[in-house]
Structures are given as structure tokens and as C-alpha cells.
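To start, the structure itself, in C-alpha cells.
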Amino acid sequence: MKKWLQKTLVITVALLTFGLITPNHEIWDSLENNHSNNGSQGSNVESNNTELSSTIVEDSFTKVESIDTPDLEPILVAAKEQSYIKFGSRIAPVISDEFEQRIYPKLEEVLDLTLSRLDNDSFKYVAISNQPSGEYNEKIFNISDGTSGKDLIRFHVRTEKRPQEGYYYNFHYHTSEDNFISHHSLGDIYWSKNTPPKWLS
């Protein structure tokens with residue numbers, strides 16, 4: 001087999017399989033031996049090489065298609081939706097830009113990290129709560145195991161009044177790993193010196 005064709009095939013297989021499959025070097029050795037032994041039968045070697053390359057490419061597609069990775073997109077969309085329901089029409093216009101730029105990307109990372117630890121069967125039953133708390137209560141949403149009903153992670157926002165500064169919204173989360181004791185901060189967004197409206201308003 002010509003070197004440039006061999007290299008092209010190796011690169012193609014590596015790209016198609018995202019590096020998960022690397023062609024076996026014994027294949028190339030046997031092809032080169034066949035080529036040198038059957039110099040007069042060049043057309044047969046060419047057709048064998050074509051069949052082999054198509055087999056490798058077909059196998060690589062099968063491998064890639066069989067990889068079953070959980071789709072986080074529906075959960076991320078629901079998480080953002082619950083956040084905006086929590087903010088309501090009075091708070092959302094004021095903090096939405098900062099939330100989108102600074103808080104939500106961190107929230108995505110935490111969800112990705114937490115849910116990627118689950119096996120595919122457990123992931124199928126993950127549920128997100130759909131009733132953020134109102135008044136000045138903290139709950140935005142909880143992610144839970146749908147079969148047991150136990151929470152895996154809880155996302156909250158707390159209204160804090162800081163002397164001489166005014167009001168801030170502190171976004172944070174709690175995990176089941178420490179029985180929801182530790183307070184993991186995602187960041188703060190400043191409101192103003194005036195008392196903020198209640199959630200859901």
C-alpha cells in the first residue's frame with residue numbers, strides 16, 4: 001500500500017472515531033507483505049485494500065454510534081427556565097445579563113460534573129423540581145433521583161444586605177455528598193441599596 005494512502009486512512013479512522021480506535025499495525029504489515037509477494041497481482045491487492053479500508057471505516061462508525069452519552073441539554077434548559085421563573089418579571093430584567101454571563105456558566109459546570117458521575121440507567125430517572133420558592137426563600141430548583149426521590153443537588157439564591165453597600169443576591173448550591181451542609185458559592189449579583197422585590201413577583 002502506498003505510504004500516502006496508508007497515512008490518509010490512519011488519519012481518517014482516527015478522526016472518525018475521535019481517537020478511540022487506532023488501526024492495527026499488523027494490518028499494514030500483512031498488506032505490505034502481500035504487496036511485495038504479489039507484485040504481478042497489483043489489481044487484486046488494490047481491491048483487497050479497498051475492501052479492508054471500507055471495513056475499517058464501517059467498524060469505526062459502528063463504534064462511534066454505540067457510545068451512549070447522557071444528554072444534559074433538557075436539564076440545562078429546565079434549570080435556566082426555573083431560574084427565570086424564580087426571578088419574576090421585576091427582578092429578571094435587572095440581573096439577567098450578569099446571571100447569563102457569570103452565574104449560569106458555573107451552574108452548567110456544576111450540573112455537568114454532578115450528573116456525569118451517574119451511570120446511564122440512573123441518569124434516565126433524574127428529575128428537576130418545577131416550583132421555585134417565593135417571598136424571600138432561597139430555593140431555585142433541586143435535581144433529584146427520580147426513582148428514590150432523594151435530592152442530589154440543590155440550587156439556591158439568598159438575598160443579603162451588606163452594611164454601607166446594599167443588597168446582593170448570593171447564588172450557591174448544596175450537595176447530597178455532605179448532607180447539604182456546605183455552602184458552595186456560584187457568585188454574587190448586586191441589586192441596589194433599595195429593598196429588592198420578593199421572588200416570583
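Values in this text are rule-based calculations from the coordinates and carry no lab data. Computed from a prediction, not measured in an experiment: that's the story for all the values here. Cβ: placed from backbone, ideal geometry, glycine included. Neighbour counts: every protein chain shown.
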Check your understanding: By how many nm would the segment from Glu108 to Ala92 grow when fully extended, if each residue of separation counts as 0.36 nm and the alpha-carbon distance is taken off?
Key -> 3.9 nm
Review point. Over 18 Å between Cα atoms, which of Lys86/Lys139; Lys80/Lys139; Lys106/Lys198; Lys139/Lys198; Lys124/Lys150 qualify?
Key: Lys106/Lys198
Check your understanding: Using a simple spin-label model with points 7 Å from Cα along the Cα→Cβ vector, what separation in nm is obtained for Ser176 and Tyr136?
Key -> 3.2
